[in-house]
Amino acid sequence: MGGNRRVRISVRHLQKTFAQGAREVVAVADATFDVGEKEFVALIGPSGCGKSTVLNMIAGLVTPTRGVALVDGEPVMGPRPEVGYLFQQDTVFPWRTVAKNIGLGLEYRGVPGAERAAAVTAMIRTAGLEGFEEAFPATLSGGMRQRVALMRTLIVEPEILLMDEPFGALDTHTKLDLQRELLDLWWRTQQTVLFVTHDLGESITLSDRIIVCTRRPSRIKAIFEVDLPRPRDVIALRETVEYAQIYQTVWHTLGEEFAAGHRAREAGQP
Ligand SMILES: Nc1ncnc2c1ncn2[C@@H]1O[C@H](COP(=O)(O)OP(=O)(O)OP(=O)(O)O)[C@@H](O)[C@H]1O
Ligand SMILES: [Mg+2]
């Protein structure tokens with residue numbers, strides 16, 4: 001981790017085994033890493049390697065079988081107000097308008113109507129969703145829905161943000177747009193972010209460090225520093241030699257896991 005940053009998230013020998021009928025699935029075998037104050041860290045690895053499970057344990061939604069997740073040095077016992085979580089699935093409520101979806105967290109916290117409305121208006125402007133305040137999610141594009149979900153998480157100003165493949169299902173263009181918006185926001189708010197993705201380009205574009213997990217049962221395979229200057233231009237960055245160099249280095253490590261997964265499937269292992 002760069003410099004002498006305060007550690008905000010810390011996981012130590014985290015392990016999670018799920019019972020699936022008669023058999024046991026080791027989702028996470030051993031995860032140990034830190035995320036420092038204001039750091040943007042990406043967690044990347046093959047599908048099913050336990051990335052969401054790691055986030056769920058940090059968020060206090062899943063109890064570890066072994067090991068511990070700490071936020072600000074305290075073992076996580078349940079959801080905490082300073083931790084925001086953007087789930088992997090589309091989590092916008094279909095029966096609420098855009099404005100009411102975005103304002104939900106403030107409503108839960110009992111923020112008065114006028115104050116809430118002002119905050120929602122500001123978020124809608126940031127998200128470029130003006131004119132859609134009263135629209136229902138079903139009438140929006142996938143990218144717009146993801147913006148609503150993002151703004152709903154950000155409006156409560158979480159100091160720590162867990163994001164689980166928030167742009168996974170989007171086309172390249174929309175993805176780049178949202179990456180740019182996220183980087184702008186993060187540059188201003190300086191949150192601590194742990195961002196799960198299986199898109200290597202996305203992880204390089206956004207993060208300060210990339211944690212690569214092995215395929216299931218997952219361990220931490222390697223951690224790479226992304227020493228690219230900020231602020232970053234999400235499009236121009238991809239044309240630089242430095243980007244290509246990091247891409248190649250991490251790809252080599254990640255590719256080993258994909259290849260091993262392929263060999264295992266060919267051999268008939270789950
Ligand atoms: N609640 C659960 N009960 C039983 N098994 C589970 C549960 N949650 C996850 N698993 C299993 O744990 C393993 C890891 O799942 P997880 O969702 O954490 O992976 P992931 O890395 O996020 O995958 P993806 O990239 O596809 O989202 C999988 O084999 C999954 O079947
Ligand atoms: Mg997942």
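The values are calculated or read from the model by the stated rules, or taken from the named source; none is laboratory data. Source: prediction; values computed, not measured. We place every Cβ from the backbone using ideal geometry, glycine too, and count neighbours over all the protein chains shown. Only protein heavy atoms, including side chains, enter the accessible area calculation; ligands, DNA and RNA are left aside. Shrake-Rupley method; radii C 1.70, N 1.55, O 1.52, S 1.80 Å.
Numerical summary
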quantity	calculated
Members of region 196-216 found to be within 18 Å of P231 (Cα to Cα) and either outside the structural domain of S52 (by TED's automatic domain parsing) or open to solvent by 10 Å² or more (accessible area, probe 1.4 Å) (or both), listed by number	D208, R209
Test: residue in region 197-205 that is acidic (D, E), over 18 Å from Y85 (Cβ atoms) and assigned to a helix (DSSP H, G or I)	yes
Among the residues listed as R80, R8, the single one being in a strand (DSSP E or B) and either among the charged types (D, E, K, R) or within 16 Å of ligand 1 (Cβ to nearest atom) (or both)	R8
Hits in region 148-163 - residues which are open to solvent by less than 10 Å² (accessible area, probe 1.4 Å), part of a helix (DSSP H, G or I) and in contact (Cβ under 8 Å) with a residue 60 or more places away in the chain	A149, L150
Lone qualifier among L14, L70, L55 - being within 20 Å of E257 (Cβ to Cβ) and in a strand (DSSP E or B)	L14
F87 within 16 Å of ligand 2 (Cβ to nearest atom) and within 16 Å of the chain's Cα centre (by Cα)	yes
Cβ pairs under 6 Å, 6+ apart, first in region 95-107 and more than 11 Å from T121 (Cβ to Cβ) and modelled with pLDDT of 95 or more, second surrounded by 16 or more Cβ atoms within 10 Å (Cβ to Cβ) and not hydrophobic (A, V, I, L, M, F, W, C)	N101/R152
Of the criteria (1) in a strand (DSSP E or B); (2) open to solvent by 30 Å² or more (accessible area, probe 1.4 Å), which one V193 fails	(2)
Unique residue being in contact with a Pro (Cβ under 9 Å, 6 or more places away or on another chain), open to solvent by less than 60 Å² (accessible area, probe 1.4 Å) and farther than 27 Å from T192 by Cβ when the list is P137, P94	P137
Selection within region 200-216 - touching a residue at least 40 places away in the same chain (Cβ under 8 Å) and out of contact with any Asp or Glu (no Cβ under 7 Å at 6 or more places or on another chain)	L200, G201, E202, S203, I204, L206, S207, I210, I211, V212, C213, R216
Residue within region 164-171 that is at pLDDT 95 or above, surrounded by 18 or more Cβ atoms within 10 Å (Cβ to Cβ) and not in a helix (DSSP H, G or I) present	yes
All positions within region 34-52 that are more than 15 Å from ligand 1 (Cβ to nearest atom) and part of a strand (DSSP E or B)	D34, V35, G36, F40, V41
Within region 217-242, tally of residues that are surrounded by fewer than 17 Cβ atoms within 10 Å (Cβ to Cβ), without any contact (Cβ under 8 Å) to a residue 60 or more places away in the chain and outside any helix (DSSP H, G or I)	9
Condition met for V35 (more than 15 Å from the chain's Cα centre (by Cα), surrounded by 20 or more Cβ atoms within 10 Å (Cβ to Cβ) and within 19 Å of T197 (Cβ to Cβ))	no
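Matching residues to (1) open to solvent by less than 70 Å² (accessible area, probe 1.4 Å); (2) assigned by TED's automatic domain parsing to the domain that holds R116; (3) more than 16 Å from ligand 2 (Cβ to nearest atom):
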| site | (1), (2), (3) |
| --- | --- |
| R5 | no, no, yes |
| R12 | no, no, yes |
| K51 | yes, no, no |
| M57 | yes, no, no |
| P64 | yes, no, yes |
| E74 | no, no, yes |
| V98 | yes, yes, yes |
